[in-house]
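One structure below.
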Amino acid sequence: MNIRLATSNDMKAIAKIYVDTWRTTYAGLVPDVYLEQLSVQQAEQKWTQFLNDSSQDTFLYVVLNEKGMIMGFAAAQIHTIDGVRKGELSALYILPEAHGLGIGKKLMATVSLHFLKAEVFSMMVWVMKKNEPGRAFYKRLGGKYLGHRESRFGNVMVEDEAYEWLDVATLVHYQN
């Protein structure tokens, strides 16, 4: 397994993983019509824009298997709020066939190390409240409940929960 910073050449693979994992992870949680309308082309534009957003401090990491195929990715950004730099994990998606291999933990460690090198010591993530596996994953890694919000998907409102780590250094050991 190899983890590296994503490049513009990775955007199509990232987009496909994004669409495929949304369709499996969020089936039954958001309207089917919303999931059916997801397109790899639009997702590729979304993640290319995210990567190239010069108004934000953004970055993406990809994880590759031994054959060099991208199996998952993590996207994150650094916000400055009241003069304090804070990290946000914007996305963490792994192909279903790669679940249970420790990829999520390794991506979390890699993102955390990136934050530490940028002198960012805390991180938060939003996760859909009904996404039990996602919430359980972040809780197992020490994420503490921070708050909630509502998001709209088509004409359906869903609840999201935020989890935070006040010291991202606690996640770096998952890199090994």
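What follows is calculated from the coordinates using simple rules that are stated; it is not laboratory data. These numbers were taken from a predicted model, which means no experiment stands behind them. Don't worry about glycine lacking a Cβ; one is built from the backbone with ideal geometry, like all the others, and counts go over all protein chains shown.
Quick rundown of the values:
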{"quantity": "Reachable aspartates and glutamates from residue 144, criterion Cα separation under 18 angstrom, eight or more residues apart if same chain", "calculated": "88, 132, 159, 160, 161, 164, 167"}
{"quantity": "Centre separation in Å (Cα based) which lies between the range 1-42 and the range 132-154", "calculated": "19"}
{"quantity": "Efficiency of FRET between residue 16 and residue 146 - r from beta-carbon atoms, R0 41 angstrom, step 0.05", "calculated": "0.85"}
{"quantity": "Among 24, 142, 48 - extreme Cα towards positive end, dipole of the chain, charges at beta-carbon", "calculated": "142"}
{"quantity": "Point-to-point label distance, residue 37-residue 67, nm (Cα→Cβ direction, 7 Å offset)", "calculated": "3.5"}
{"quantity": "Residue exposure sequence - 44, 36 - by fewest surrounding Cβ within 10 Å", "calculated": "36, 44"}
{"quantity": "Within a Gaussian network of the chain (alpha carbon springs, distance under 10 Å), most fluctuating of 57, 82, 32", "calculated": "82"}
{"quantity": "Taking 7, 48 and counting other C-beta atoms within 10 Å, the order from fewest to most", "calculated": "7, 48"}
{"quantity": "Cleavage-rule hits, trypsin sites (Lys or Arg not before Pro), the range 12-87, DSSP coil, Cβ neighbours within 10 Å at most 13", "calculated": "67"}
{"quantity": "Cβ-Cβ FRET estimate between residue 101 and residue 54, R0 fixed at 35 Å, reported to 0.05", "calculated": "0.55"}
{"quantity": "Reachable lysines, given that their alpha-carbon falls under 25 Å from the alpha-carbon of residue 16 and they are not under 8 places away in the same chain", "calculated": "46, 67, 105, 106, 129, 130"}
{"quantity": "Highest-fluctuation residue, 63, 125, 84 considered, GNM on the chain with Cα pairs under 10 Å", "calculated": "84"}
{"quantity": "About the Cα centre, charge dipole magnitude for the chain (Lys/Arg +1, Asp/Glu -1 at Cβ), debye", "calculated": "320"}
{"quantity": "Amide H within-cut-off set for residue 153, under 5 Å, with H built and near neighbours excluded", "calculated": "158"}
